[in-house]
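Student: Pasting a structure below so you can have a look.
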Amino acid sequence: MQQNKIIDFIQPDAQDWEKLERISEIDMQGFGEDGISTFNLSQFARGGSVFCLTLNGLIIAEAVVLRNFRDNGAEIFGFAVAKEYFNQGYGTRLLQHLKEVAKEAGIEYFELTMNPDRPVLHRLYIQKAGFYKKAELTQHPHKHEPRWLLRYDL
């Protein structure tokens, strides 16, 4: 018997430590030492910057979106899908949700940085979500990995 998949999008409360811990775990899977701590996620959640995709009530993907002060753009500061849910379309769905929310909020573009040596990121951001390479950045200061700045115009 096939289980129904109930997908939802939530923004966690700044004091919901259980959800914030789950989000931090997913972020650490994606970014290691650069992952966002539970405490910092609480601060971002307080400002409405944390977005999650849930599957049957379990958070499986997360994003932190920071709105610019200088213009009508936003930075996708953190974006990660739990490893056991890779390559199943959940990242694409969360990005689509972010685009819809951003349009409603008057955001005109997204920017994010990525390691161009990771094929899964090329597929997600460039091939599926429509981001384009805006610039090559200097290498990550600790990981010594290349970085690209990507942009998506809404």
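The values are calculated or read from the model by the stated rules, or taken from the named source; none is laboratory data. Computed from a predicted structure; not experimentally measured. Please note: Cβ atoms are built from the backbone with ideal geometry, for glycine as well, and neighbour counts cover all protein chains shown.
Student: For Glu25, indicate whether it is closer than 22 Å to Ala129 by Cα and either modelled with pLDDT of 95 or more or part of a strand (DSSP E or B) (or both).
Tutor: Working: closer than 22 Å to Ala129 by Cα: no; either modelled with pLDDT of 95 or more or part of a strand (DSSP E or B) (or both): yes.
Here the answer is no, as Glu25 does not meet what is asked.
Student: Does Arg93 satisfy the condition of being buried (at least 17 other Cβ atoms within 10 Å of the Cβ) and either assigned to a strand (DSSP E or B) or at pLDDT 95 or above (or both)? Quick ask: steps written out before the conclusion?
Tutor: Numbers: buried (at least 17 other Cβ atoms within 10 Å of the Cβ): no; either assigned to a strand (DSSP E or B) or at pLDDT 95 or above (or both): yes.
No.
Student: Return yes or no: is Tyr109 of a type in the set (Ser, Thr, Tyr), at negative phi, touching an Asp or Glu at 6+ places or on another chain (Cβ under 7 Å) and surrounded by 14 or more Cβ atoms within 10 Å (Cβ to Cβ)?
Tutor: Here the answer is yes, as Tyr109 does meet what is asked.
Student: May I pose another question? Counting only residues that are of a type in the set (Lys, Arg) and modelled with pLDDT of 95 or more, which one in the stretch 129-146 is surrounded by the fewest Cβ atoms within 10 Å (Cβ to Cβ)?
Tutor: Narrowing the stretch 129-146 to residues of a type in the set (Lys, Arg): 133-134, 143.
With the extra rule that they be modelled with pLDDT of 95 or more, the set shrinks to 133-134.
Details: Lys133: 13, Lys134: 15.
Filtering the stretch 129-146 for residues that are of a type in the set (Lys, Arg) and modelled with pLDDT of 95 or more, the one surrounded by the fewest Cβ atoms within 10 Å (Cβ to Cβ) comes out as Lys133.
Student: If you don't mind, there's one more thing I want to ask. Which one of the conditions (1) surrounded by 21 or more Cβ atoms within 10 Å (Cβ to Cβ); (2) closer than 18 Å to Tyr152 by Cα; (3) modelled with pLDDT of 95 or more does Arg67 fail to meet, given that it meets all the rest?
Tutor: Condition (1) is where Arg67 drops out.
Student: Testing Ile107 on (1) over 18 Å from Arg151 (Cβ atoms); (2) touching a Lys or Arg at 6+ places or on another chain (Cβ under 8 Å), one condition comes back false. Which one is that?
Tutor: Of (1) over 18 Å from Arg151 (Cβ atoms); (2) touching a Lys or Arg at 6+ places or on another chain (Cβ under 8 Å), only one is false for Ile107: (1).
Student: Need pairs with beta-carbon distance below 6 Å; first residue under 21 Å from Arg147 (Cα atoms) and free of Cβ contacts under 8 Å to residues at least 40 places away in the same chain and within the stretch 77-102, second surrounded by 22 or more Cβ atoms within 10 Å (Cβ to Cβ) and among the β-branched types (Val, Ile, Thr); sequence gap 6+ or separate chains.
Tutor: Close Cβ pairs satisfying both conditions: Gly91/Val81.
Student: Of Glu104, Glu75, which residue is out of contact with any strand residue (DSSP E or B) (no Cβ under 9 Å at 6 or more places or on another chain), modelled with pLDDT of 95 or more and under 22 Å from Phe131 (Cβ atoms)?
Tutor: Numbers: Glu75 fails: out of contact with any strand residue (DSSP E or B) (no Cβ under 9 Å at 6 or more places or on another chain).
Of the residues listed, the single one that is out of contact with any strand residue (DSSP E or B) (no Cβ under 9 Å at 6 or more places or on another chain), modelled with pLDDT of 95 or more and under 22 Å from Phe131 (Cβ atoms) is Glu104.
Student: Taking into account only those residues within the stretch 1-53 that are among the hydroxyl-bearing types (Ser, Thr, Tyr) and under 15 Å from the mean Cα position of the chain (by Cα), which is nearest to Leu94 (Cα to Cα)? Reasoning before the result, please.
Tutor: Narrowing the stretch 1-53 to residues among the hydroxyl-bearing types (Ser, Thr, Tyr): 24, 37-38, 42, 49.
From what is left, the residues that are under 15 Å from the mean Cα position of the chain (by Cα) are 24, 37, 49.
Numbers: Ser24: 17, Ser37: 21, Ser49: 14 Å.
Only one residue fits best here, namely Ser49.
Student: Does Glu111 qualify as being in a strand (DSSP E or B) and within 27 Å of Leu20 (Cβ to Cβ)? Step through it out loud before you land on a result.
Tutor: Details: in a strand (DSSP E or B): yes; within 27 Å of Leu20 (Cβ to Cβ): yes.
Yes.
Student: Still on this model: Out of all the residues in the stretch 126-139, is one or more over 25 Å from Ile7 (Cα atoms) and free of Cβ contacts under 8 Å to residues at least 12 places away in the same chain? Please lay out each step first, then the result.
Tutor: Of the stretch 126-139, the ones over 25 Å from Ile7 (Cα atoms) are 132-139.
Pick out the ones that are also free of Cβ contacts under 8 Å to residues at least 12 places away in the same chain and you get 138-139.
Within the stretch 126-139 (the criterion being over 25 Å from Ile7 (Cα atoms) and free of Cβ contacts under 8 Å to residues at least 12 places away in the same chain), the answer is yes, since at least one residue qualifies.
Student: Looking only at the stretch 1-59, filter to residues that are closer than 23 Å to Ala105 by Cα and in contact with a Ser or Thr (Cβ under 8 Å, 6 or more places away or on another chain); which one of those is surrounded by the most Cβ atoms within 10 Å (Cβ to Cβ)?
Tutor: The qualifying residue surrounded by the most Cβ atoms within 10 Å (Cβ to Cβ) is Leu41.
Student: For the stretch 1-22, name all the residues that are of a type in the set (Lys, Arg) and either at pLDDT below 95 or within 20 Å of Arg118 (Cβ to Cβ) (or both). Explain how you work it out, then say what you get.
Tutor: Step one: of the stretch 1-22, the residues of a type in the set (Lys, Arg) are 5, 19, 22.
Of everything in the stretch 1-22, just one residue is of a type in the set (Lys, Arg) and either at pLDDT below 95 or within 20 Å of Arg118 (Cβ to Cβ) (or both), namely Lys5.
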